[in-house]
Amino acid sequence: MNLILLGPPGAGKGTMAFKLKEEYKLPHISTGDLFREAIKQQTDLGKKVKSIMDAGNLVPDELTSALVKEKLEQPECRRGFILDGFPRTIPQAEALKTFSSIDKVINFTIPEEEIIRRLSGRRVCRSCGESYHTEFIPPAKKGLCDKCSGELYTRDDDTVDAIKNRLAVYRTSTAPLIDFYQKEGLIENVDSSPAPEEVLNILKKILDSRN
Ligand code: ADP
Ligand code: ZN
């Protein structure tokens with residue numbers, strides 16, 4: 001099963017990808033996580049993308065597509081994969097077509113006020129990448145991951161200014177992908193305003209009935 005998770009920042013793509021990965025034993029490929037890891041390791045890629053990401057802008061298409069192509073060529077992606085945060089532009093979707101085929105595109109929908117509320121309270125585990133929310137999905141112990149006891153932190157692009165910019169970038173560059181994949185007959189719209197467990201159940205119904 002080759003899956004794309006589409007939707008605005010804060011729609012819960014990462015949270016759902018994490019749960020789907022456990023449920024279906026598929027690799028989770030998050031371009032955002034790959035870039036953040038490169039920044040942490042201070043690689044050439046990391047140095048190139050740090051300021052772009054912090055401002056909430058998009059990393060250039062060629063760079064991003066090449067990174068994903070390399071990942072999808074790994075043996076663990078042969079049985080399928082979950083793409084989270086890629087493609088984010090039409091040129092990226094065109095590039096993806098040249099090196100992979102997609103079975104389904106889940107398009108998460110959510111009101112904009114809810115996005116801002118979610119992102120400004122988001123905390124992420126530094127070790128395993130699991131997402132929490134100070135108010136909606138609090139960890140059992142403040143500041144620590146339930147899964148691995150890793151430290152929870154606030155992403156550099158979860159500031160109000162960067163969030164507003166990410167939403168603007170989403171509207172101009174990413175939203176056109178809904179139409180792109182609609183034309184290919186691959187889109188499933190999923191309201192992601194309910195709690196994570198409820199959204200997961202809806203996703204499971206869609207994915208288990210897929211043929
Ligand atoms: P969110 O979905 O919450 O915005 P991500 O972790 O998916 O967060 O992405 C964070 C940032 O990483 C983006 O704002 C952008 O700078 C960069 N990025 C991630 N995926 C892509 C992509 N496919 N193309 C270009 N830039 C990307
Ligand atoms: Zn963790």
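Please state which one of GLU73, GLU23 is more than 30 Å from PHE136 (Cα to Cα) and out of contact with any strand residue (DSSP E or B) (no Cβ under 6 Å at 6 or more places or on another chain).
On the way: GLU23 fails: more than 30 Å from PHE136 (Cα to Cα).
Unique residue meeting the criteria: GLU73.
Kindly indicate whether THR172 is within 21 Å of ILE39 (Cβ to Cβ), surrounded by fewer than 16 Cβ atoms within 10 Å (Cβ to Cβ) and not aliphatic (A, V, I, L, M).
Numbers: within 21 Å of ILE39 (Cβ to Cβ): no; surrounded by fewer than 16 Cβ atoms within 10 Å (Cβ to Cβ): yes; not aliphatic (A, V, I, L, M): yes.
Here the answer is no, as THR172 does not meet what is asked.
GLU151 passes all but one of (1) within 13 Å of ligand 2 (Cβ to nearest atom); (2) among the acidic types (Asp, Glu); (3) under 19 Å from the mean Cα position of the chain (by Cα); which number fails?
(3)
Determine which member of the set ARG122, ARG118 is within 16 Å of ligand 2 (Cβ to nearest atom), basic (Lys, Arg) and crowded, with 17+ Cβ neighbours inside 10 Å.
On the way: ARG118 fails: within 16 Å of ligand 2 (Cβ to nearest atom).
After ruling out the rest, the residue left standing is ARG122.
Within the stretch 49-61, is there a residue that is closer than 18 Å to ALA95 by Cα and of a type in the set (Gly, Ala, Ser)? Steps first, answer last, please.
In the first step, residues of the stretch 49-61 are kept if they are closer than 18 Å to ALA95 by Cα; the result is 58-61.
Then keep just the ones that are of a type in the set (Gly, Ala, Ser); that gives none.
Checking the stretch 49-61: not a single residue is closer than 18 Å to ALA95 by Cα and of a type in the set (Gly, Ala, Ser).
Among the residues of the stretch 130-147, is any away from ligand 2 (no atom under 13 Å from the Cβ), acidic (Asp, Glu) and not in a loop (DSSP other than H, G, I, E, B)?
No, the stretch 130-147 contains no residue that is away from ligand 2 (no atom under 13 Å from the Cβ), acidic (Asp, Glu) and not in a loop (DSSP other than H, G, I, E, B).
For the stretch 175-211: of the residues being modelled with pLDDT of 95 or more, in a helix (DSSP H, G or I) and over 14 Å from ILE106 (Cβ atoms), which is farthest from the chain's Cα centre (by Cα)?
The selected residue is LYS183.
The values are calculated or read from the model by the stated rules, or taken from the named source; none is laboratory data. Worth saying up front: this structure is predicted, and the values here are computed from it rather than measured. All Cβ positions, even for glycine, are placed from backbone atoms using ideal geometry, and neighbour counts span all protein chains on display.
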